Amino acid sequence: MNQIEARRRVVSGMRPTGRLHLGHFHGVLKNWVKLQHEYECLFFVADWHALTTHYEDPEVIEDNVWQMVIDWLAAGVNPGSASLFIQSRIPEHAELHLLLSMITPLSWVERVPNYKDTTARTNDRDLATYGFLGYPVLQSADILAYQAGHVPVGADQVPHVEITREIARRFNHIFGKETDFEALAEEAIKQLGRRNAKMYRELRREYLEQGIQESLEKAQALIYDQQKTSLGNRDRLLGYLEGGGKIILPEPQVLLTDTSVVPGMDGQKMSKSYNNTIALREDPDKVTQNIKTMITDPARARRADPGNPDVCPVYTLHKIYSDDATKNWVREGCTSAGIGCIDCKRPLIEKVLEEQQPMRDRARQYEEDPALVKSIVAEGCENARSIVRTTLENVRSAMGLDYR
Ligand code: TRP
Ligand code: SF4
């Protein structure tokens, strides 16, 4: 793979905490399926992250790992387009976590909102552990090990990508310094050849003097296009563009999924902890039953009472699943008591079942053949490993660990 592709690399992970549901599908998986056609994608099971909170019941993790991979495949993640792997099979994540922890200020991890909220909210187990505090540093290692350009996650994960960017910046600042950086960068420019060197200098000046973002991006593309430039020189040229030292770990961007939160059967956010979910590979009868008993506008106690779709979680589902004509039919019928809630739910049930049918079909071959799932993961691990090996070589060398 060339370096342009590397720059367009996408990495994301999910903790194996149970069967995936419609909330995961509309919140994250749909996005993964789309991205796999546009980028080089790596998706992994964050089993170490699961252990940071569930260290007392590790026996459930194994089954969850394989079931989650089947859920991904069922949702349409294609192992021909994306690499699927397991975090704990790539020990470089742990090594990078350790190395990044050397330069991560305590205050940065302590102020991550998920850490503060979860430790305050959780009283059934002790999360005042070293491992849980390090959660965002491990996540940073997951991302930076692949030098990923983009991280598709839900809104709750934005602070984690933010700290990843800060850690990368600090790492580059500390370890990207070379005493003769400027001279080495100038030498690297000369090696680009006359035409490219001239273009690089012009774009760099435009960016540094006038802050033109487009010039920065053009110059970066120019550098990634150079097949003959060594990795060291590439990092120097990238770093010199922005005025500083070498960029060893590039800063990733968040790719937010823009779907609204999927409501659960009780009207709260769909979540395993509220026990209000519809699983991706749910039995059709169970899906029908769940939606039939789903909570509606509480003010609409009787069939003859008009309702208000804007406060009804069923209508929130319609916004995800139904076309304008159906939504208008609901609004009209609900506010005039022209339709009952069961009528209202019928087209929704149909849509959900229709969405899930191909998932059940795709899942079948994997459910019947666990070895197939394992071989997909083995292949994904291999690909992941070949990428992180290079990153770790650069990191070790930048940190002065390349003596033998
Ligand atoms: N913390 C993420 C979650 O709970 C999972 C995760 C771990 C992750 N490592 C990651 C997501 C790296 C994106 C990139 O959903
Ligand atoms: Fe909700 Fe539909 Fe019933 Fe109105 S008719 S209260 S939108 S379920």
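The values are calculated or read from the model by the stated rules, or taken from the named source; none is laboratory data. The structure displayed is predicted, hence computed values, not measured ones. As a convention, Cβ positions derive from the backbone with ideal geometry for all residues, glycine included, and neighbour counts pool all protein chains shown. Each accessible area value is taken on the protein alone, full model and side chains, heavy atoms only, with ligands, DNA and RNA left out. Shrake-Rupley method; radii C 1.70, N 1.55, O 1.52, S 1.80 Å.
Per-structure values
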{"quantity": "DSSP bridge pairs, the chain: antiparallel proportion in percent, nearest 5", "calculated": "10 percent"}
{"quantity": "GluC sites (Glu not before Pro), loop per DSSP, at most 16 other Cβ atoms within 10 Å - longest free stretch of the chain", "calculated": "243-404"}
{"quantity": "Glu350 paired with Ser397, simple spin-label distance in nm, labels 7 Å along Cα-to-beta-carbon", "calculated": "6.2 nm"}
{"quantity": "Under 15 Å from the Cα of Lys327 - aspartates and glutamates, other chains or at least 8 residues apart", "calculated": "Asp310, Asp343, Glu350"}
{"quantity": "Positive-pole candidate from Gly176, Met270, Ile212, dipole of the chain, charges at beta carbon", "calculated": "Ile212"}
{"quantity": "Dipole magnitude of the range 281-367, debye to nearest 20 (Cβ charges: Lys/Arg +1, Asp/Glu -1, about Cα centre)", "calculated": "160 debye"}
{"quantity": "Solvent-accessible area, 1.4 Å probe, carbon plus sulfur percent, for the chain", "calculated": "49 percent"}
{"quantity": "Where trypsin sites (Lys or Arg not before Pro) fall in DSSP loop in the range 286-326, at most 12 other Cβ within 10 Å", "calculated": "Arg302, Arg303"}
{"quantity": "Range of Cα positions in the chain per principal axis (Å), largest first", "calculated": "81, 47, 43"}
{"quantity": "Cut-off under 5 Å, modelled amide H: who pairs with Leu280 long-range", "calculated": "Leu20, His21, Leu22"}
{"quantity": "Neighbourhood net charge (14 Å Cβ-Cβ; Lys/Arg +1, Asp/Glu -1) for Lys198", "calculated": "+4"}
{"quantity": "Charge dipole (the chain, unit charges on Cβ, about Cα centre) - positive-most of Gly243, Leu133, Pro159", "calculated": "Gly243"}
{"quantity": "Choice from Ala185, Ala145, Ala301 with maximal GNM fluctuation in the chain (Cα, 10 Å cutoff)", "calculated": "Ala301"}
{"quantity": "For the range 281-367, alpha-carbon Rg over 2.2 N^0.38 Å", "calculated": "1.20"}
{"quantity": "Exceeding the 27 Å Cα-Cα cut-off - candidates Lys198/Lys228; Lys116/Lys246; Lys351/Lys374", "calculated": "Lys116/Lys246; Lys351/Lys374"}
{"quantity": "Using a Förster distance of 56 Å, the FRET efficiency for Thr179-Asp369 (Cβ separation, nearest 0.05)", "calculated": "0.45"}
{"quantity": "For the range 76-135 and the range 146-215, distance of Cα centres in Å", "calculated": "26 Å"}
{"quantity": "The range 76-159 - charge dipole about Cα centre, Lys and Arg +1 at Cβ, Asp and Glu -1, debye rounded to 20", "calculated": "80 debye"}
{"quantity": "For the chain, built as a Gaussian network whose Cα springs stay under 10 Å, the top-fluctuating residue of Ala46, Ala197, Ala304", "calculated": "Ala304"}
{"quantity": "Protection-proxy order for peptides 70-81, 219-230, each taking the mean of Cβ atoms within 10 Å per residue, highest first", "calculated": "70-81, 219-230"}
{"quantity": "Neighbour net charge for Asp57 - beta-carbon separation under 15 angstrom, K R +1, D E -1", "calculated": "-4"}
{"quantity": "Of Asn308, Asn233, Asn123, the one that fluctuates the most in a GNM where the chain has Cα springs shorter than 10 Å", "calculated": "Asn123"}
{"quantity": "For the chain, size of Cβ-based charge dipole, Lys and Arg +1, Asp and Glu -1, in debye", "calculated": "700 debye"}
{"quantity": "All-pairs alpha carbon distance profile, the range 181-241, 10 Å steps from 0, percent", "calculated": "25, 60, 15"}
